[in-house]
Amino acid sequence: MQETKRVIFDTDIGIDDAMALLFLHYSPLVELVAITTVMGNASIEDTTLNALYVRARFGIDAPVYRGAGAPRGPALGEGYPDFVHGRNGLGDIARSVPDAGLSPLSAAEAMVALAQDHPGELSLVAVGRLTNVAMALDLCPEFPQLIKEVVVMGGVFAFAGQGGNVSPVAEANIGGDPAAADRVFSSGMRTTIVGLDVTHATQMDEAFIAALRERAGDAGDFIHETTRCYFDFHERSTGDRICPIHDSSAVACLLRPELYQTRSLAVRVVTDGIAKGQTIAGAADAPYLVDAWRDVPPCKVCSGVDGDAVRQLYLETLSRAG
Ligand code: BDR
Ligand code: CA
């Protein structure tokens, strides 16, 4: 029998983040321990409110911890992507303000306290800027040994020519706080990186949303409602009414790693200049003329995926909500 994963979900919630949160909530293989918020798809006020709203609407027990409202270092671009996620980050659906669920600790403090209380037991799924995780590393040098594993949605490595989504070489979560990502990827934590190389190979269409509406009850209706502007944005960008399944891919990789091909590589992030936010993977023991990758502990970087199996897993899991 597969072991239960005890998960801290770090999120800039966000339309696809909300889908990933429901994936975790309805998975029989997950105990959701905490939701930690970060700015990104919207302001920290909105992402925290979105987390509280989804928590209340779907009866999620895990507490919410508010995190960083600004990146750690210079970011690529300014403002929030309201043209993708709506002004409130959830496709501008009407939200009520829940009066419970927010805990007093900050996201980084909560990550450290939970890891210290449960050494070697917790999986961290990080699907936004890595600001909170970098802050946890600053607060607690032993954090890499205390956390069981980290799965990050972020970055792009051009394995099959895939480019970035906020510059030719940068993905949004990494471009939004390159210094934090570089800190996390070099930290020695057991890290798997689920980048655009595989999330763009796992697309959803309106038939997939219709199947969710049919099988996932209120969760299906919620996903339908919030993804209207998400589909519109992608259709405007590519001409096709399909969207990559970004953040839920990190959850799928946590639960079913065999659906992904990975390579063990040292990953550094460009923190300045026109390539700001680029994730560059190298071999830690290669005889490069520069030292940047030398002795950097490797991450597992996803290079391929069974996209059909990921979609099926999502659909089957969400059917438990119906
Ligand atoms: C990532 O950026 C955010 O907009 C999404 O939620 C996802 O985490 C994709 O590049
Ligand atoms: Ca996200």
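Structure above, values below:
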{"read-out": "Accessible area of the chain belonging to carbon and sulfur atoms, whole % at 1.4 Å probe", "value": "51 percent"}
{"read-out": "Rounded to 5, percent antiparallel among DSSP beta bridges of the chain", "value": "35 percent"}
{"read-out": "Set of the stretch 203-217 residues, backbone N closer than 18 Å to the point 7 Å along the Cα-Cβ line of D232", "value": "206"}
{"read-out": "Inter-part distance where the stretch 216-280 and the stretch 156-192 are each reduced to a Cα centre, Å", "value": "12 Å"}
{"read-out": "Pairwise label distance in nanometres, S96 with Q203, each label 7 Å out on the Cα-Cβ vector", "value": "3.8 nm"}
{"read-out": "Potential lengthening between R57 and R256 on full extension [0.36 nm per residue; Cα-Cα distance subtracted]", "value": "68.9 nm"}
{"read-out": "Area projected by the alpha carbon convex hull of the stretch 34-106, averaged over all directions, nm²", "value": "5.2 nm²"}
{"read-out": "Gyration tensor over alpha-carbon atoms, the chain, equivalent ellipsoid semi-axes in Å", "value": "27, 22, 19"}
{"read-out": "Relative contact order [Cα under 8 Å, 6+ residues apart], the chain, whole percent", "value": "20 percent"}
{"read-out": "Per-residue ³J(HN,Hα) for the stretch 254-266, Karplus 6.51 cos²θ - 1.76 cosθ + 1.60, θ = phi - 60°, Hz, x for Gly and Pro", "value": "5, 7, 9, x, 5, 7, 10, 8, 10, 10, 8, 9, 7"}
{"read-out": "Relative pair counts by distance (%), Cα atoms of the stretch 10-160, 5 Å bins", "value": "2, 10, 19, 23, 21, 15, 8, 3, 0, 0"}
{"read-out": "Of the chymotrypsin sites (Phe, Trp or Tyr not before Pro) in the stretch 241-322, those whose Cβ has at most 14 other Cβ within 10 Å and which sit in DSSP loop", "value": "Y288"}
{"read-out": "Surface per residue (accessible, 1.4 Å probe) for the chain, Å²", "value": "39 Å²"}
{"read-out": "Estimated distance in nm for a label pair at D218 and D82, the labels positioned 7 Å out from Cα along Cα-to-Cβ", "value": "2.9 nm"}
{"read-out": "Share of Cα-Cα pairs in the stretch 148-197 lying beyond 16 Å, as whole percent", "value": "39 percent"}
{"read-out": "Antiparallel bridge percentage (DSSP; both residues within the stretch 1-105; nearest 5)", "value": "0 percent"}
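The values are calculated or read from the model by the stated rules, or taken from the named source; none is laboratory data. As the structure is a computational prediction, the values presented were derived from the model and not from experiment. Here Cβ is always computed from backbone atoms with ideal geometry, including for glycine, and neighbour counts include all displayed protein chains. Surface areas here come from the heavy atoms of the whole protein model, side chains and all, with no ligands, DNA or RNA. Shrake-Rupley method; radii C 1.70, N 1.55, O 1.52, S 1.80 Å.
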